[in-house]
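The structure appears below as structure tokens.
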Amino acid sequence: MKKPAQNYQIDNLDKNILSELLHDARKAYSEIAKRYKVSPATIHVRVEKMRGAGIIKGTHLAVNPKALGYEVCCFIGITLRQAGDYPSAIAKLEKLEEVIEAHYTTGQYNVFIKILTRSIDDLQNILINRIQAIPEIQSTETLISLQQPIKRDLQP
């Protein structure tokens with residue numbers, strides 16, 4: 001695997017390209033080029049350079065979880081039995097499709113995860129029978145998200 005270039009410095013055109021693609025990842029390079037008065041080839045080259053530098057990691061489709069029946073979003077702070085349990089606990093959490101994010105953290109919890117479930121009953125089942133049943137996990141604290149008033153991508 002190619003190692004990302006660490007010293008790539010983005011300029012204003014790169015920032016503009018990133019902003020356009022963050023807004024609409026399917027936007028044609030020709031449209032971006034026209035807006036910033038450069039050739040589509042220039043946009044293509046810049047995007048590829050930013051991919052090579054690890055600035056652009058991919059293109060993603062956004063899905064509305066509620067439209068798919070996932071009504072409950074929550075965050076779970078996890079305390080591990082011991083620090084050495086981290087790799088094993090993460091491997092087990094990764095196998096749970098409801099876990100959509102995991103963060104190794106400082107502070108009160110060793111790991112902080114985000115999960116989506118269809119109902120509170122599903123949350124209870126997953127929490128008791130699948131997450132708290134992981135031997136490496138000492139304790140959990142669950143915070144249910146009531147709404148997500150702010151959600152945005154990092155702007156360049």
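The values are calculated or read from the model by the stated rules, or taken from the named source; none is laboratory data. Keep in mind that this is a model prediction, so the values were computed, not measured. No Cβ is skipped: glycine too gets one built from the backbone with ideal geometry, and neighbour counts run over all protein chains shown. The area values use the complete protein model at the heavy-atom level, side chains included, leaving out ligands, DNA and RNA. Shrake-Rupley method; radii C 1.70, N 1.55, O 1.52, S 1.80 Å.
Exactly one of these conditions fails for CYS74: (1) in contact with a strand residue (DSSP E or B) (Cβ under 8 Å, 6 or more places away or on another chain); (2) more than 30 Å from ILE120 (Cβ to Cβ); (3) not charged (D, E, K, R). Give me its number.
(2)
Check off (1) under 21 Å from the mean Cα position of the chain (by Cα); (2) open to solvent by 50 Å² or more (accessible area, probe 1.4 Å) for ALA91 and give me the number that stays unchecked.
For ALA91, the exception is condition (2).
Go through (1) open to solvent by 60 Å² or more (accessible area, probe 1.4 Å); (2) closer than 30 Å to LEU127 by Cβ and name the single condition HIS23 misses.
(2)
Looking at the stretch 49-62, is at least one residue over 26 Å from TYR8 (Cβ atoms) and loosely packed, with under 15 Cβ neighbours inside 10 Å?
yes
Could we say that ILE76 is of a type in the set (A, V, I, L, M) and closer than 16 Å to PRO156 by Cβ here?
Considered against the rule, which asks whether it is of a type in the set (A, V, I, L, M) and closer than 16 Å to PRO156 by Cβ, ILE76 comes out as no.
Give ARG118, ARG81 a once-over and let me know the one that is within 17 Å of SER139 (Cβ to Cβ), assigned by the TED database to the domain that holds ALA133, modelled with pLDDT of 95 or more and open to solvent by 70 Å² or more (accessible area, probe 1.4 Å).
Selected residue: ARG81, the only one of ARG118, ARG81 that is within 17 Å of SER139 (Cβ to Cβ), assigned by the TED database to the domain that holds ALA133, modelled with pLDDT of 95 or more and open to solvent by 70 Å² or more (accessible area, probe 1.4 Å).
Could you list, in sequence order, all residues of the stretch 27-63 that are of a type in the set (D, E, K, R) and in contact (Cβ under 8 Å) with a residue 12 or more places away in the chain?
Listed by number, the residues that qualify are ARG35, ARG46, LYS49.
If a residue must be open to solvent by 10 Å² or more (accessible area, probe 1.4 Å) and either touching a residue at least 12 places away in the same chain (Cβ under 8 Å) or not assigned by the TED database to the domain that holds CYS74 (or both), how many such residues does the stretch 106-115 contain?
Counting residues in the stretch 106-115 that are open to solvent by 10 Å² or more (accessible area, probe 1.4 Å) and either touching a residue at least 12 places away in the same chain (Cβ under 8 Å) or not assigned by the TED database to the domain that holds CYS74 (or both) gives 5.
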